[in-house]
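This report refers to the structure that appears directly beneath it.
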Amino acid sequence: MLMPLEVPVQETLLTAPSVIVSRSVALDDPSSARAALIDPAGAFLLIDKPYGYTSFSVVNQIRRRITRATGIKRVKVGHAGTLDPLATGLLILATRRCTKSISVLSNMDKVYCVRMRLGVTSPSHDLETKIEISGDPIALDRTTIAETVQKLEISESQVPPIFSAIKQQGKAVYHKARAGQAVTMESRPVTFHSISIVSVELPFVTLTVHCGKGTYIRSLVHDIGELLGVGAVMTDLERTSVGEFNNHEALTYDEAIALLETNAAETSW
């Protein structure tokens, strides 16, 4: 059973019917799911990206399997929205001709679950770089934190982190940041549909964020820490959905790799 990707007709760029390869689809018929991914028409693949992997490395490994299966050296595979190496959750890949419609998925709203630690800061706004003690959050309460979150919920811009894949002069700025070079980032428009507090267990706070394209959750965490006057870093991040697609329907990285191996017909999970 292959599920059609439902998007507004005026937005789609597909020249052939597209399919979504989710966990339930792959479990139901792994051979057909694999065939869809390597077919010239291509498909969209839902993967739960593991911690520590770059989005590019996941794309590269899927591309290698499709290349082996098809014998074509330059197989097109892309993703619909980068996840940081230290983030987990839904990463949607497009294969073959479906790469033409990546922008449709990239423009969809996204939902994240983020855990932050108050009272510390880091240059990358997460655990990728060294953290430093910056304040004491012990006097903060849920009401104060909620009021701060509400202020940012209505904000319409943010400054992206210097450790990001945004390009300046054709090169991702994180290369400069990691080399210790000065990087200047300009404010960019963002949309927050909602920011909800899940729990407050100081110094940790967990939020659910429903936002539009191009939002950096690390920057949101940094801004919350700044407004509270104690600093904050992101310790955990999971993308739980993109548009109508949810992470609970995604294949694990290992399952996606196994699906594309030559013995995919015998794969069982």
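Values in this text are rule-based calculations from the coordinates and carry no lab data. Keep in mind the model is a prediction, meaning the values are calculated, not measured. Reconstructed Cβ throughout: ideal geometry from the backbone, glycine too, with neighbour counts over all protein chains shown.
The simple Förster model, with R0 at 25 Å and r as the Cβ-Cβ distance, assigns GLU186 and THR54 a FRET efficiency of 0.50.
When only the Cβ of Lys, Arg, Asp and Glu is charged (+1, +1, -1, -1), the dipole of region 111-265 relative to its Cα centre reaches about 600 debye.
Its Cα centre serving as origin, the chain has a Cβ charge dipole (Lys and Arg +1, Asp and Glu -1) of approximately 1380 debye. Distance between the modelled labels on ILE138 and ARG74, one decimal in nanometres: 6.2 nm (7 Å Cα→Cβ projection).
Summarising the label geometry, the points placed 7 Å from Cα in the beta-carbon direction at GLU147 and THR67 lie 5.7 nm from one another. For the chain, give the share of DSSP beta bridges that are antiparallel, in percent and rounded to the nearest 5; count only bridges with both residues there. So the antiparallel bridges in the chain amount to around 90 percent. Between the entries (i) 19.1, 66; (ii) 19.9, 62; (iii) 20.1, 68, the label attached to Rg and Dmax of the Cα atoms in Å calculated for this structure is (ii).
Estimated from helical segments only, the mean residue ellipticity of the chain at 222 nm is -8000 deg cm²/dmol, where each DSSP H run of four or more residues counts as -39500 (n - 2.57).
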